[in-house]
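Below is one structure, written out as structure tokens; comments come after it.
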Amino acid sequence: MYLKKPSFWDKQKSILSYLLLPFTILIRINNFLIFKKKKYFSKKLKTICVGNIYVGGTGKTPTTIKLYDLIKKIKNVSTAKKYYSNQHDEQILLKRKTKFLTGTSRKNILELAEKKKIEVLIFDDGLQDNQIDYNLKFVCFDGDQRIGNGLLLPAGPLREKIESLKKYDLVFIKKGNNLNSLIELIKKHNKRIKIFITDYEISKISKLNRSKKYLIYSGIGNPYSFNKILKQNKIKIIDNIIFPDHHSYSNNDFKYILDKAKQKNAEIITTEKDYVKVPKKLQKKIKFIKVNLIINNEKKLIKFLKLNLNDKN
């Protein structure tokens with residue numbers, strides 16, 4: 001079961017964070033063992049992992065899809081995600097938009113890709129996997145969330161200490177209010193790491209009537225980014241219903257959403273990720289937005305990918 005991210009994770013001073021600090025030792029030990037353990041490394045294909053050290057809502061899946069679109073022009077590429085029964089939303093999106101592989105372990109997926117003679121395999125999530133290693137390791141951040149309170153789970157939102165950036169190759173940062181300070185922090189721990197700024201634009205925004213009122217709902221890692229992009233496009237939001245990330249919607253959930261929208265004489269908008277869970281009989285009553293990921297200096301990124309995915313490397 002997924003829970004909503006606790007608000008104290010983003011507060012610099014919180015009694016709860018201090019009380020939970022002793023439990024972060026478990027994450028420290030786990031990360032140390034993962035780092036020391038010898039992992040499987042494929043010599044038959046190139047691997048990329050798009051992950052995060054901040055829990056949830058950093059844009060891993062859209063970034064994975066964007067990288068697939070760039071790399072498919074030069075290599076036989078596939079995306080991959082370890083199978084989780086409660087993450088069907090992301091798996092469905094990857095399957096719809098890319099050539100996609102899944103399995104019960106990332107090592108099994110990698111071995112399957114080798115048999116299929118895939119040249120490049122992009123993993124959505126898995127930087128902390130204890131079985132396999134990758135050619136390239138990319139970390140995603142959100143420029144608004146930054147690194148929260150900077151503490152490890154469960155005292156804060158970090159899977160790894162910020163110092164771990166020294167072992168990664170590239171960072172994608174979604175544009176936000178704390179962008180510059182986050183770049184400075186990243187550079188402090190890894191001066192050589194490549195940094196690319198990303199942003200989102202709504203596809204076919206003209207289909208949304210700006211004169212109407214909208215109720216929005218989502219069950220994603222960073223629901224505030226969904227609210228933000230709609231407001232930036234002058235969409236009138238009168239209510240925002242937030243569910244936990246990867247939420248499994250019940251009939252009662254949809255009844256609540258529909259009833260509330262009817263009471264407020266509003267139309268309903270959700271994310272593409274949440275829309276895949278809408279029953280067919282309700283799909284005409286709920287709209288969704290598609291977003292396109294924009295990468296600043298995309299040509300520089302393509303050059304980096306070509307250089308590092310070359311067979312000689």
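Just a few scattered comments:
- Of the helices (runs of 4 or more DSSP H) entirely within the stretch 213-281, those holding at least 1 residues that are surrounded by 15 or more Cβ atoms within 10 Å (Cβ to Cβ) and of a type in the set (V, I, T) occupy 223-232, 251-263.
- A search for C-beta distances below 6 Å between a residue of the stretch 232-246 that is touching a residue at least 12 places away in the same chain (Cβ under 8 Å) and any residue that is assigned to a strand (DSSP E or B) and among the basic types (K, R), counting only pairs 6+ apart in sequence or on different chains, returns K236/K213; I238/K213.
- Check on I147, surrounded by 20 or more Cβ atoms within 10 Å (Cβ to Cβ), more than 25 Å from Q91 (Cα to Cα), modelled with pLDDT of 95 or more and assigned by TED's automatic domain parsing to the domain that holds I29: yes
- Enumeration of residues in the stretch 182-206 that are in contact (Cβ under 8 Å) with a residue 24 or more places away in the chain and more than 21 Å from G143 (Cβ to Cβ): S203, K204, I205
- Among the residues listed as I302, I295, I268, the single one being touching a helix residue (DSSP H, G or I) at 6+ places or on another chain (Cβ under 7 Å), among the β-branched types (V, I, T), more than 24 Å from E90 (Cα to Cα) and modelled with pLDDT of 95 or more: I302
- From the list I34, I27, I53, the one residue that fits, being over 12 Å from L151 (Cα atoms) and either more than 15 Å from the chain's Cα centre (by Cα) or surrounded by 12 or more Cβ atoms within 10 Å (Cβ to Cβ) (or both), is I34.
- Residue in the stretch 255-266 that is within 24 Å of K60 (Cα to Cα) and not assigned by TED's automatic domain parsing to the domain that holds F141 present: no
The values are calculated or read from the model by the stated rules, or taken from the named source; none is laboratory data. Since this is a predicted model, take the numbers as computed values, not measurements. Cβ sites come from the backbone with ideal geometry, for glycine too, and all protein chains shown count toward neighbours.
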